[in-house]
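The block underneath contains the structure these notes are about, expressed in structure tokens.
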Amino acid sequence: MNLKKNSFVLLLGCGILTEIFYLLFVFFNEDRNIPLYMFIYFESFVLFFFAYFLISKKFTDAETKANSQTTSSFSKKILATIFSNNASEIGKLKVPLLIIAFGIIFRLTLLPTSYTTSDDVHRYLWEGKVLVDGYNPYTTPPNDTSLIHLRNANYEKVTFKNMPAIYPPLTQIVFAVNYLIAGNSIVFLKVIYLIFEFITLIFLLKLLLLKGRDSKLILLYAWLPLPIMEYFVNAHLDPIGITFLVVFLYYFEKNKISLSSIMLALAFLTKLLALLILPLIIKKLGIKKALIFYIVFTITCLIFYAPFISGNLDVFAGLFRYLNHWEFNGSVYNLFKIILSGGDIARTICGILLSLSVLIISFRYKNFVNGVFAVFLTIIIFSTTLYPWYLGWIASLNVFTGFFSLLSLFFTINFSNITPLAEKWKEYPIVWIIEYVPFYGLLFYDLWRRRLR
């Protein structure tokens, strides 16, 4: 078989086989079957790697011409409007649109599955219920006596009941909307995520076209098993923030200052990590335009936080407790912790190194998207806590950089699921070695490769 000539057919076959694996997971997953989760993750990743190999090879001229001819003129006009592109060039989008279609199908397939490696979704459902009933989830932890009348079967599954909410206001609003429409439905919450993921994929494709990159690279996020399984099996909230991060990048590159500022604020209001992008703004815009950006950003954040604060700064209590005490699967952090025989000093050192790294990136970056990518890369390196679902943010950015080190980490971080598989919560040094030795080895190669370019 001529691999280059039949790449489209092989890509289609990869998509179908991947869908079969996800269907198998839907049929056989029950009682939090973590071994099955890990198996399907690995198998779908093998197919993902092969699909990436296929799109890395250039499709033949005959295939490109055929793709263009099979797209109707009406469809071309619609797609040209969506992607701000020449209608004559839209036929070339057949492959990336096929990739997006499969990506949506994969996510849609997993909607009815129950969570497997993490039960955080019960916290989301509870906080949505609390907010709808008029209580402040930031100042009223689940075990508060004032909430006794709200307790139900979902409450019993909420962990850390003495801890108030840590997720920012936009996520609380999404949880409340989910509760208002569908009660304690995890499936409907995933439907909301599916809408966000569709928007993410469309804007990733738009940004690839805007930056003049190969549009088929959308596969690096659309088919990546990590966001598919973490967000549509375990129902983690990150798709909301990832969408606003990608939309922010698109409008920022289009020089839409106020609109992009609002989008970054909404990403921040989903997860506070987006705050670390702010130092990069000055170099790109200059002081005057950056000031406008910061003002719009601040006002947007205040609008969302104001109803929850109401003169009570305890709104950040849960977050500070999380930042001061949580740790899992860190790389540099665990190394310092072992050397210094303590976590507090290691945590402080990592915080300082992260801050310095962001400051250096803010002055030295040349391409803004790559600069944002570098910030999230340093977050991974110096983080005290790195759950698999945290990586979805940088996965969306790796579409533009294609770092092999990250693809390695996306694959090996599946081994961290051995921790919830065990009877007691315990981390294993061998897992750190499996994850981070190839990651840092390939990271040096990625950086060397970019330097040569």
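State the number of residues belonging to segment 134-183 that are among the polar types (S, T, N, Q) and assigned to a helix (DSSP H, G or I).
Counting residues in segment 134-183 that are among the polar types (S, T, N, Q) and assigned to a helix (DSSP H, G or I) gives 6.
Among the residues of segment 403-420, are any in a loop (DSSP other than H, G, I, E, B) and either at pLDDT 95 or above or within 30 Å of Phe244 (Cβ to Cβ) (or both)? Break it down stepwise before answering.
Going through segment 403-420, the residues in a loop (DSSP other than H, G, I, E, B) turn out to be 403.
In the following step, the residues that additionally are either at pLDDT 95 or above or within 30 Å of Phe244 (Cβ to Cβ) (or both) were identified as 403.
Scanning segment 403-420 turns up at least one residue that is in a loop (DSSP other than H, G, I, E, B) and either at pLDDT 95 or above or within 30 Å of Phe244 (Cβ to Cβ) (or both).
Run Ala274 past the list (1) modelled with pLDDT of 95 or more; (2) closer than 30 Å to Asn178 by Cα; (3) of a type in the set (Gly, Ala, Ser) and report the number of the one that doesn't hold.
For Ala274, the failing item is (1).
Can you confirm whether segment 79-93 contains a residue that is outside the structural domain of Val399 (by TED's automatic domain parsing), modelled with pLDDT of 65 or more and either closer than 25 Å to Leu406 by Cα or polar (S, T, N, Q) (or both)?
no
Looking at (1) without any contact (Cβ under 8 Å) to a residue 12 or more places away in the chain; (2) touching a Phe, Trp or Tyr at 6+ places or on another chain (Cβ under 6 Å); (3) among the small types (Gly, Ala, Ser), which is the only condition Ala267 fails?
Here Ala267 clears every test but (1).
For segment 346-365, which residues satisfy the criterion of being touching a residue at least 40 places away in the same chain (Cβ under 8 Å) and more than 23 Å from the chain's Cα centre (by Cα)?
Leu359, Phe363
Can you find even one residue in segment 360-367 that is part of a helix (DSSP H, G or I), hydrophobic (A, V, I, L, M, F, W, C) and within 25 Å of Leu237 (Cα to Cα)?
No, because not a single residue in segment 360-367 is part of a helix (DSSP H, G or I), hydrophobic (A, V, I, L, M, F, W, C) and within 25 Å of Leu237 (Cα to Cα).
What do you reckon, is Tyr231 assigned by TED's automatic domain parsing to the domain that holds Val315, in a helix (DSSP H, G or I), hydroxyl-bearing (Ser, Thr, Tyr) and in contact (Cβ under 8 Å) with a residue 60 or more places away in the chain?
yes
So which of Thr200, Thr243 is surrounded by 24 or more Cβ atoms within 10 Å (Cβ to Cβ), among the polar types (S, T, N, Q) and farther than 30 Å from Gly134 by Cα?
Thr200
Let's see how each residue does on (1) within 14 Å of the chain's Cα centre (by Cα); (2) in contact (Cβ under 8 Å) with a residue 24 or more places away in the chain; (3) within 30 Å of Val187 (Cβ to Cβ); (4) assigned to a loop (DSSP other than H, G, I, E, B):
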site	(1), (2), (3), (4)
Pro239	yes, yes, yes, no
Ile281	no, no, no, no
Leu291	no, no, no, no
Val296	no, yes, no, no
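Of all residues in segment 366-391, count the ones that are among the aromatic types (Phe, Trp, Tyr) and either surrounded by fewer than 17 Cβ atoms within 10 Å (Cβ to Cβ) or over 15 Å from the mean Cα position of the chain (by Cα) (or both).
So the count comes out to 2.
Out of (1) under 30 Å from Ile202 (Cα atoms); (2) under 19 Å from the mean Cα position of the chain (by Cα); (3) assigned to a helix (DSSP H, G or I), the odd one out for Phe400 is which?
Going through the list (1) under 30 Å from Ile202 (Cα atoms); (2) under 19 Å from the mean Cα position of the chain (by Cα); (3) assigned to a helix (DSSP H, G or I), Phe400 breaks only (3).
Out of all the residues in segment 106-133, which are more than 17 Å from Val187 (Cα to Cα) and part of a helix (DSSP H, G or I)?
Val130, Leu131, Val132
Only one of these is over 15 Å from the mean Cα position of the chain (by Cα), crowded, with 20+ Cβ neighbours inside 10 Å and modelled with pLDDT of 95 or more: Leu249, Leu217, Leu259. Name it.
Details: Leu249 fails: over 15 Å from the mean Cα position of the chain (by Cα); Leu259 fails: crowded, with 20+ Cβ neighbours inside 10 Å.
Leu217 is the lone residue from the list that is over 15 Å from the mean Cα position of the chain (by Cα), crowded, with 20+ Cβ neighbours inside 10 Å and modelled with pLDDT of 95 or more.
Quick check on my filter: what residues within segment 259-279 are part of a helix (DSSP H, G or I) and in contact with a Cys (Cβ under 8 Å, 6 or more places away or on another chain)? Reasoning before the result, please.
Restricting attention to segment 259-279, the residues satisfying the condition of being part of a helix (DSSP H, G or I) are 259-268, 272-279.
Hits for segment 259-279 are Ala265, Phe268.
The values are calculated or read from the model by the stated rules, or taken from the named source; none is laboratory data. Predicted model only: the values in this text are computed from it and were never measured. A quick note on method: Cβ atoms are made from the backbone with ideal geometry, for glycine too, and the neighbour counts reach across all protein chains shown.
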